[in-house]
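The values are calculated or read from the model by the stated rules, or taken from the named source; none is laboratory data. Computed from a predicted model, the values in this text were never measured in an experiment. FYI the Cβ positions are ideal-geometry reconstructions off the backbone, even for glycines, and counts take in every protein chain you see. Just so you know, the surface numbers come from the protein's heavy atoms only, side chains and all, with ligands and any DNA or RNA stripped out. Shrake-Rupley method; radii C 1.70, N 1.55, O 1.52, S 1.80 Å.
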Amino acid sequence: MNRRLVLQAGATAAFATLLLGSAYAQSTAAKRQGIVIQVSDNDPAKWNLALNNAKNLQDDVGAANVDIEIVAYGPGISMLKLESPTGSRIADAAKAGVKVTACENTMRGQKLTKDDMLTGISYVPAGVTEIMKKQHEGWAYLRP
Amino acid sequence: MNRRLVLQAGATAAFATLLLGSAYAQSTAAKRQGIVIQVSDNDPAKWNLALNNAKNLQDDVGAANVDIEIVAYGPGISMLKLESPTGSRIADAAKAGVKVTACENTMRGQKLTKDDMLTGISYVPAGVTEIMKKQHEGWAYLRP
Amino acid sequence: MNRRLVLQAGATAAFATLLLGSAYAQSTAAKRQGIVIQVSDNDPAKWNLALNNAKNLQDDVGAANVDIEIVAYGPGISMLKLESPTGSRIADAAKAGVKVTACENTMRGQKLTKDDMLTGISYVPAGVTEIMKKQHEGWAYLRP
């Protein structure tokens, strides 16, 4: 019986390890930091604030420790047009690992094509869906 | 002993199924999409943005797949007054399944009764509590 | 064999209790209500809205049932300067248990020291990090 108990204890311990390991993986995953920053105003001051916020976050917690995505949609789409006054700052942010995303819904409404937009940015069918999805994945939300 | 091991393996497997099943149910529940849209500005442009955002979301992910609630409070309460310029759009949104909610706290402060408000809307004692509660239930937040 | 099965059942039950107990503790912890209120506009009307929102929340759910933190950063930092028109309201909020926090990043940028600020407030290295962290801890977000 000792041997059987040992076998059983072993199996139970293995099972517990499996479960707790999975719980640990989940809690670790939950600790992965992400934040989606909304830009929906046609206001360069707001665009600079969004870029400042992204930079300050990276400086504060380390660029490697936080996923940042800036989503521009609605009246905010102009932030990502070729002639945007924040073009060079956006290039810097992208180089530093910040994802910058334009809403194709808004682009269609304003008759914009990718040729009208800055290079190095990403696209999503609908900015508002992206913002919702990221939050459902555990990301924080920020509206500068 | 083989038989005992089989029994033990069976019990362990059943237990694992029970636990993993419950974990699966939780993750499925978490995937149910919801979003609360805040309207707190006295600005018809913002009201139209909120309504656009709701419509684009429904068009993008399917109205059946997302719960949307627009909560108007503070200076945003005027969106839901009888004379609101967005009255017909709000009726359309409600017909499409968007919940539109007024803050009774704000109404009291502005001496508004339900007779002053659009029909087909909902009421909560405090808009800010509703916005907090929805997020605690796992809903995303959007402030147009 | 009966005795062994009883032992095994006992061990399994104890293990299940341990796991379910832990799951219960987690879900109870998740129900603790918290909300972080962002103030990033240089606009006393917005500061009053933020303070109204905090007060209405406390009145509605009970001050003991909700953790509230107002984080002022960027152009919103002026809310917490000595000469702020909302100084006495902020003192009242702090007395009522609302945490009011200034961003040291912003203060450095505007050459402000703690001597320039209201008493009874808290400080964080970066307001945007605080806002992100609170959401990752399960707090709701509000931007008046």
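Quick notes on this one:
- Annotation: amide H of C:Met117 within the under-5 Å range of C:Leu82, sequence separation 5 or more or interchain, hydrogens built in the peptide plane.
- Position C:Ala63, label points 7 Å along Cα→Cβ, spacing to each other copy in nm (shortest first, one decimal): 4.6, 4.6
- Listed pairs B:Lys133/C:Lys46; A:Lys111/B:Lys95; A:Lys46/B:Lys46 exceeding 18 Å between Cα atoms: B:Lys133/C:Lys46; A:Lys111/B:Lys95
- Other copies of B:Lys111: label-to-label distances in nm, shortest first, labels 7 Å along the beta-carbon direction: 4.9, 4.9
- Over all other residues within a Cβ to Cβ distance under 11 Å of C:Val124, the charged ones net out to -1, with Lys and Arg as +1 and Asp and Glu as -1.
- Inter-copy separations for C:Glu83, label at 7 Å along Cα-Cβ, nm, ascending: 3.9, 3.9
- Share of carbon and sulfur in the accessible area of the stretch A:41-144 stands at 48%, probe radius 1.4 Å.
- Cβ-based net charge around A:Glu69, under 10 Å, with every Lys or Arg adding one and every Asp or Glu removing one: 0
- Pairwise Cα distances in the stretch A:34-135 exceed 21 Å in 26 percent of cases.
- Of all chain B residues, the one whose C-beta is nearest the axis that brings B onto A, in angstrom: B:Arg143, 3
- Using a 1.4 Å probe over protein heavy atoms, the accessible area lost on pairing C with B, summed over both chains, comes to approximately 1900 Å².
- Across C:Tyr123, B:Tyr73, the residue with the most accessible area heads the list, and the full order at a 1.4 Å probe is C:Tyr123, B:Tyr73.
- Counting only protein heavy atoms and using a 1.4 Å probe, the accessible area of B:Glu137 comes to about 110 Å².
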